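This report concerns only the one structure given below.
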Amino acid sequence: MMIGNNCLLDTSIIINTFKDNDTSTRLSKYSEIFIPSIAVGELYFGAYRSSNSPKHIKQINQFLENCIVISVDYETADFYGKIKTALKAKGRPIPENDIWIAAIAAQHNLPLFTSDQHFKEIDVLTLI
């Protein structure tokens, strides 16, 4: 995969699209939207914990219809190991799921669209 006019979404941005038309408008300029399987899990976790699970699950499923979900494989695990090692050497840990999301972005050479500032600690990422 090449960067081109594509991006990988972090969970924070997906949640923002559910609440904010400005974020949805910004996403419309990308030809392909990729979602890490880890983010999908985080979304479903949030939906099942909510007071209106059926509504939120439907919202997630509708959103995913227009996206390409990328799963973890052995190459992703290699990127994960490198990224986590670099973060540990810096003394700048970030949440485990976000390391996996960063690994998918790095592996597929996709810019990561996020509102989480801690991704700036990962040198191999291009952030939106």
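Laboratory data are not the source of any read-out in this text; all were calculated from the coordinates shown. Because the structure is predicted, anything quoted here is derived from the model rather than measured. No Cβ is skipped: glycine too gets one built from the backbone with ideal geometry, and neighbour counts run over all protein chains shown.
A simple charge model with +1 on the Cβ of Lys and Arg, -1 on the Cβ of Asp and Glu and nothing else charged puts the dipole of the chain at about 280 debye relative to its Cα centre.
For the residue pairs Lys29/Lys55; Lys29/Lys90; Lys84/Lys120; Lys19/Lys58; Lys88/Lys120, the C-alpha atoms sit more than 23 angstrom apart in Lys29/Lys55; Lys29/Lys90. Across the options Ile122, Ser50, Ile15, the greatest Cα extent toward the positive end of the charge dipole of the chain (unit charges at beta carbon of Lys, Arg, Asp, Glu) belongs to Ser50.
Note on the stretch 1-40: Rg/Rh from Cα positions, Kirkwood definition for Rh, rounded to two decimals, is 0.97. Debye-formula intensities of the chain, expressed as log10 I(q)/I(0) at q = 0.11, 0.14, 0.17, 0.21 Å⁻¹, are -0.37, -0.60, -0.87, -1.25 (one equal scatterer per alpha-carbon, no solvent).
How many angstrom lie between the Cα centre of the stretch 88-128 and the Cα centre of the stretch 39-56? Between the Cα centres of the stretch 88-128 and the stretch 39-56 lies a distance of 23 Å.
Each residue in Arg92, Arg49 was given a count of other beta-carbon atoms within 10 angstrom of its own, and listing them fewest first yields Arg49, Arg92. Ordering Phe113, Phe119 from the fewest to the most neighbouring beta carbons within 10 Å gives Phe119, Phe113.
Among Gln62, Leu87, Trp100, whose Cα projects farthest towards the positive end of the dipole of the stretch 1-115, with charges put on the beta-carbon of Lys, Arg (+1) and Asp, Glu (-1)? Ranked along the dipole, the leading option is Leu87.
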